[in-house]
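Worksheet: the structure to be examined is printed underneath.
Quick note: the coordinates plus some simple rules give every number you see, no bench work behind them. It should be emphasised that the depicted structure is a prediction, and the values quoted were computed from it without experimental measurement. Counting neighbours? That spans all protein chains shown, and the Cβs are built from the backbone with ideal geometry, glycine included.
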Amino acid sequence: MKSIVIMPLSLLILILCSTSVHCQRPAVVNVGAVFTFNSVIGRAAKAALDAAVFDINADPSILNGTELNLTMKDANCNVFMGSIGAFQLIEGEIVAMIGPQSSAIAHMISQIANGLQVPLISYAATDPTLSASQFPYFFRTTQSDSYQMVAMADLIYFYGWKEVIAVFVDDDYGRNGISALDDELEKKMSKISYKFPLPTQFDLSDLTDMLNKTKFLGPRVYVVHINPDPGLRIFDVAQKLQMMTSNYVWFATDWLSTTLESFSPANRSTLKILEGCGPVAHSVDKFLNEHGNITFYLNDKLRDMGGTEMQLGKLKVFDGGKRLLEILSHTNFTGLAGQVQFNAERNLVSGGYDVINIVQMEIRRVGFWSNNSGLSVLPPETFKGEQISYSHLDQKLDNVTWPGGKTEKPRGWEIASDERPLRIGVPKRASFIEFVTEVNNSHKMQGYCIDVFEEAKKLVPYNVPYRFEPFGDGLTNPIYDELVQMVADDVFDAAVGDIAIVTNRTRIVDFTQPYAATGLVIVAPISNSKSSAWVFLKPFSLEMWCVTAASFVMIAVVIWILEHRVNDDFRGPPRRQLITMFLFSFSTLFKANQENTVSTLGRMVMVVWLFLLLVITSSYTASLTSILTVQQLSSSITGIDSLIASDWPIGYQVGSFAHGYLANSLYIPQSRLVSLDSPEEYDRALRQGPSNGGAGAIVDELPYVELFLSKWPDFGIIGQSFTKSGWGFAFPRDSPLAIDMSTAILKLSESGKLQELHKKWFCKSGCPADRRQDSEPNQLHLSSFWGLYLLCGSFTFTAFLVFLLRTVRQYIRYKRKQMDPSTPSTSASSSARCSHVIYGFFDFIDEKEEAIKKIFARCDNPQPQWLQVISNITGA
């Protein structure tokens, strides 16, 4: 037990002792005490307070001749009686009040102390809410439960337990202490799963009823926060109910150490009580040294009520209460039990707690806790003055002997037992029974999902008794959202089946790791494109065909222009040139040209053109191959967007989350949604179509659709899944079994067992996924190749422009050479001259470039006339 009872009296004495005296000191100073005499703490407190007062009055150095008069009142563990006792003490003009040990009584008396400005020093009231600024006159020479519960939360976290059961007395002390523990556990991602309050005056039947209720709950870690109990009745009842075995963990707050110390002849509590008297006496002495006397005054508000029989008007306010409060706040001295000093919340500053392990009434210390070091095998004094931030890895305790005599740490929870096996809800499907269903109303479940669960359970490192409970009537598929809600409502302890992991369900339950990937897909009728005589046109869109044909014509014309003047293969009669021009262009598709390009510009254009053809022909071949082996849709639906935009009815499976997704997420009107119960209804609805009372398409989860298509190949999947999800098993929030099952499912996946189970149920005649056809149109569009066409067109145009400029330059030079300066210019119209130039330019282009070069050579080097005659004769 922490330093408690008589420390307040010595604290008050310290305050009354000081230096100078301003006026005559009083002969007697009255101090009151309110506590329950007949209690574990009260019995020690009464004797210790009497002894402390005797020692103080016998020592003239403490109060310098002033006698300390202590009046005690019995609270009888009752708030009303404690309040009456406080009023009776205040009538005796006390300067301070000691006690009570009950937090509930302390709440009431603190209000009285505030009104009459009388400091209240408690040695055992640990309710954290008493530290509020609402009670400025309340001090305590013990620790607040807010401090103790930090230590308890660290201890629970040290052993890795996430859920505990709290047993507490149903008063301010119990409720507020457990509330503080709940806050601290939440910071460490743990929680109090169940809270069981006990009456303030509980008996064995109350304990038995309460513990029997907890036996069927999952957590096996108990935190007991009650008043000191000499009989340790809760553990006696737990022993009789066989709840002190190795499956259970029991933590007790400092009430247990207080009880155990009361059994010892050398009761440490008595020493701490004696230590507690010092601060009160010393504080009073310091106050008298400053003010010399103690005065009281009547409260005007109480005086107005003086006519009543209660005589409240006689209650006096301590005139020096505020100054005595200030002196108490600055108390700092070392007593028999250690340092006596208050923090800002008027709680005793303490070094920490001992962590003790009790085995058959043998007390063994296994470590220490302080807010500086956390859990440690070293005492807090080792870390005195050090402000360190400790982590979980730094924590250490000696070995603990747990209930049942084992040293191995208990698991801390039990999800099920033979008496109460795990209640597992399983959907009783009416269709797609390969996944899960009940066998002949026998409560025996079978299917792919059941096999996965049973294989995963084999990998869980402990026994989990369970029984399957069918959910649904077997005539229609059950509503899966209702099944998941029943897990959250504790109707079922788990749900096993083809349960999709979707957002609204994850808010209320925990799912395991997905054991099957799924998602919503669209199913529609299909037709086989192999029967089409014009299938070879489908790889390209109309736009693509037009641009490709125009490119062939462009290449034919440009190559003819570039080659006509230098290549004899591109010369001759117009008809022959036209045929050669187009044959050359289209034959490049097969790389079988009879004509060769001669010009540099023509060859450069052909390099780019052949690269373009390589890409286009390869893409065409790949697309045509895909089209010839892929089934195409017979409906106009190409994806979820076009389905939403249409006004066609949409089918969905009864019980699936597809209905909620279509209606609530995609905002499709209810009038367009058609519920379907079975694959046969799928087939009928799709064959009837939207115009005959059927459905234009069906939206369902991928595994169901694959199984449907394996038996009805006249339909196909449109596009890809437009949602991503998975199937998992549902457990209550924070269930540790969900984590262990997830680990088991991962092991099944890594070992290949999941795939084996899938093949066992769905691949007897080939896996549905292998037969799935991708109905996405494979047509190639110009948008995929416009960059390549742009490159080829730009290069071709540049080559043509270079050729044109070069030819125009040659033509201008040619015309200058042909002009005769002696010939007079004839007048003619500008249009005639322009036509003459144009016709002359085309005639010039039609000439071979070699002939033009010879003309330029003769003009640059003219021969003598006789040589020309000889040349002409020779030529003749």
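What is the calculated FRET efficiency for LYS747 to LYS396, with r their C-beta to C-beta distance and R₀ = 22 Å, to the nearest 0.05?
0.10
Can you list the residues, at least 5 places off or on another chain, whose amide H is less than 5 Å from the amide H of ASP700, using H built in the peptide plane?
VAL521, VAL523
Return the long-range amide H neighbours of TRP250 (sequence gap of 5 or more, or a different chain), with a cut-off of under 5 Å between placed amide H atoms.
Here the answer is TYR222, since their amide H atoms fall under 5 Å of that of TRP250.
Write down Rg/Rh for region 483-548, rounded to two decimals, with Rg from the C-alpha atoms and Rh from the Kirkwood relation over Cα pairs.
1.41
For region 426-517, compute Rh as the Kirkwood radius over C-alpha pairs and then the Stokes-Einstein diffusion coefficient at 20 °C and 1.002 mPa s; write the answer in µm²/s, rounded to an integer.
155 µm²/s
Once both labels are modelled 7 Å past Cα along the beta-carbon direction, what's the VAL366-ARG507 spacing in nm?
Each label point is offset 7 Å from its Cα along the Cβ direction, giving 4.2 nm.
Mind ordering 50-60, 554-564 by average Cβ neighbours within 10 Å, highest first?
554-564, 50-60
Mind running the shape call on region 68-185? Use the C-alpha gyration tensor, a ≥ b ≥ c as the square roots of the eigenvalues: rounded below 1.5 for a/c, prolate if a/b tops b/c, oblate otherwise.
Since a/c reaches 1.5 and a/b is larger than b/c, the shape of region 68-185 is classed as prolate.
Could you work out the relative contact order of region 426-517? I mean the mean sequence separation of Cα pairs under 8 Å and 6+ apart, divided by the number of residues, in percent.
Computed over region 426-517, the figure is 32 percent.
Give me ILE450, ILE41 ranked fewest to most by other Cβ atoms within 10 Å of their Cβ, as a rough exposure proxy.
Ordered from fewest to most neighbouring Cβ atoms within 10 Å, ILE450, ILE41 come out as ILE450, ILE41.
Order by neighbour count: ASP145, ASP206, fewest other Cβ atoms within 10 Å first, most last.
Fewest-to-most Cβ neighbours within 10 Å comes out as ASP206, ASP145.
Show me, for region 138-147, the HN-Hα J-couplings you get by feeding each phi into the Karplus relation (A = 6.51, B = -1.76, C = 1.60, θ = phi - 60°), rounded to Hz, glycine and proline as x.
9, 10, 9, 9, 9, 8, 5, 5, 4, 6
Where does each of 479-486, 42-49, 574-581 land if you order them by average Cβ count within 10 Å, highest first?
Descending packing order for the listed peptides: 42-49, 479-486, 574-581.
Arranged from highest to lowest average of other beta-carbon atoms within 10 Å per residue, in what order do the peptides 166-175, 118-127 appear?
Descending mean neighbour count gives 118-127, 166-175.
Quick one: of LYS191/LYS444; LYS711/LYS753; LYS73/LYS240, which pairs are farther than 28 Å apart, Cα to Cα?
Distance filter (> 28 Å) returns LYS191/LYS444; LYS73/LYS240.
Give the order of THR331, THR142, THR129 when sorted by the count of other beta carbons within 10 angstrom, beginning with the fewest.
THR129, THR331, THR142
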